[in-house]
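Undergrad: Here it is, the structure in full.
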Amino acid sequence: MASQTLTKQSGTCSENENVEPLEQLIDGLLEPITSSEIAGAYCAICGQLLAQTIVSIRRRKIQRKDEYREKKRARRWLAERNIGVITFDEVCLTLGIDGDRTQKAIIKYAEDPANNPISRAVIGVLSNADQ
């Protein structure tokens with residue numbers, strides 16, 4: 001079975017279209033960026049993802065369905081550890097933090113934020129990692 005290549009056409013991806021392959025488009029966009037800049041951006045994305053997970057799991061008053069779904073997805077991402085485009089384990093590896101300890105700390109923080117090493121300052125640092 002031949003592999004299918006995704007291609008870009010008017011903001012959508014479609015199979016077997018006779019347009020520029022998506023991989024070439026990405027290469028063209030990334031060509032002027034150094035690998036250290038890409039690595040730094042990836043670290044910032046990982047920090048943001050972890051910070052957003054902490055915020056979503058900690059959320060006590062859920063007022064909208066999307067907040068409920070976001071909290072549920074965050075809990076699943078944290079619990080299963082190896083799902084998603086960027087997994088929890090990849091985030092921990094990228095940030096140089098212990099996955100088991102981080103997972104336990106986030107769960108404990110969600111249950112009792114006042115008596116936990118994760119503070120608003122830590123979330124603030126992670127949230128601003130890309131600035």
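Nothing in this text is a laboratory measurement; each read-out follows from the coordinates by a stated rule. The structure presented is a predicted model; accordingly, all values stated were derived computationally and were not measured.
Undergrad: Taking H as built 1.01 Å from N, whose amide H comes closer than 5 Å to the amide H of residue 97, not counting residues under 5 places away?
TA: So residue 97 has HN proximity to no qualifying residue.
Undergrad: Tabulate in residue order the Karplus-calculated ³J(HN,Hα) for the range 91-108, using 6.51 cos²θ - 1.76 cosθ + 1.60 with θ = phi - 60°, rounded to whole Hz; enter x for Gly and Pro.
TA: Per residue, the Karplus-derived 3J(HN,Hα) values read 4, 4, 4, 4, 7, x, 10, 6, x, 5, 5, 5, 4, 5, 5, 5, 4, 5 Hz.
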